[in-house]
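Dropping the structure in here first, questions after.
Please treat every number below as a calculation from the coordinates, not as lab data. Please read all numbers here as calculations on a predicted model, not as lab measurements. Cβ atoms come from the backbone with ideal geometry, glycine included; neighbour counts cover every protein chain shown.
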Amino acid sequence: MADLSRIGERRTIVDDIFDHLHEEIASLRLRPGDRISEADVAARFGVSRQPVRDAFSRLANLDLLLIRPQRATEVRRFSAREIEKSRFVRSAVEKEVLLRASEFCDRVGAARLDEALSEQRAAIAAQDVERFGALDYAFHPKFRSWRSGSIG
């Protein structure tokens, strides 16, 4: 069956520039505080500055860029306050998810959970950030069935 989620999806150069810069920022190839130039990005992609400006605007809306007109645009620096707030919210949400999931978890589900967490611990011990990210990302769909009340 065709993947219906892709119907109507049209990629633009703005999408391509946004995706490229987002990956550069997320991977820390562009670091917090690094200056980034519309003209340089436009030249790299062989486009006018308008699509770059649009991509910059999208990144700024995600708090990834700090745009200062007539001055430099830079990768937004980390905010200790925002990090702490995010950690608090994530901790509260994860605690609630685990409490609800534990109501439905059987022995097979518990074994799957232990195995997944063990793999994540091994990635942490090996300081393999990419592997941990992939395992963490794959973890969530595996255990989505908790919401429907069937683990195993």
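Using just the alpha carbons, could you tell me how many Å³ per residue the convex hull of the chain encloses?
Numbers: hull volume 26.2 nm³, N = 152.
So the per-residue hull volume is 173 Å³.
Where the only charges are on Cβ atoms (+1 Lys, Arg; -1 Asp, Glu), what is the dipole of the chain about its Cα centre, to the nearest 20 debye?
Numbers: 27 positive and 25 negative charges, 88 e Å.
For the chain, the charge dipole is close to 420 debye.
Give the angle, between 0 and 90 degrees and rounded to the nearest 10, that separates the Cα long axis of helix 107-125 from the longest principal axis of the Cα atoms of the chain.
On a 0 to 90 degree scale, this one is about 40.
Which of R10, R76 has the fewest other C-beta atoms within 10 Å, and how do the rest follow up to the most? Working shown, then result.
Working: R10 5, R76 18.
Ordered from fewest to most neighbouring Cβ atoms within 10 Å, R10, R76 come out as R10, R76.
Calculate the FRET efficiency for D128 and A39 from the Cβ-Cβ distance with a Förster distance of 41 Å, rounded to the nearest 0.05. Intermediate results must be reported in sequence, preceding the final value.
Numbers: r = 37 Å, r/R0 = 0.91.
Here the calculated transfer efficiency is 0.65.
Continuing with the same structure: For the stretch 80-148, divide the Cα radius of gyration by the Kirkwood radius and give the resulting Rg/Rh value with two decimals. Display every interim value, and only then the final one.
Numbers: Rg = 13.6 Å, Rh = 13.4 Å.
Value, to two decimals: 1.01.
Let me know the charge dipole size of the stretch 4-75 about its Cα centre in debye, to the nearest 20, where only the beta-carbon of Lys, Arg (+1) and Asp, Glu (-1) is charged. Could the numbers behind the result be given before it?
Details: 12 positive and 12 negative charges, 31 e Å.
Computed charge dipole of the stretch 4-75: roughly 140 debye.
Once both axes come from the Cα atoms, what is the angle between helix 80-102 and the longest principal axis of the chain, in degrees from 0 to 90, rounded to 10?
30 degrees
Mind pulling the angle between the C-alpha long axis of helix 49-61 and the longest principal axis of the chain? Nearest 10 degrees, somewhere in 0 to 90.
The two axes meet at around 40 degrees.
Can you compute the FRET efficiency between D54 and A138 using 1/(1 + (r/R0)^6), with r the Cβ-Cβ distance and R0 = 30 Å? Round to the nearest 0.05. If you can, show how the numbers build up before the last one.
Working: r = 33 Å, r/R0 = 1.09.
Efficiency, from the Cβ-Cβ distance: 0.40.
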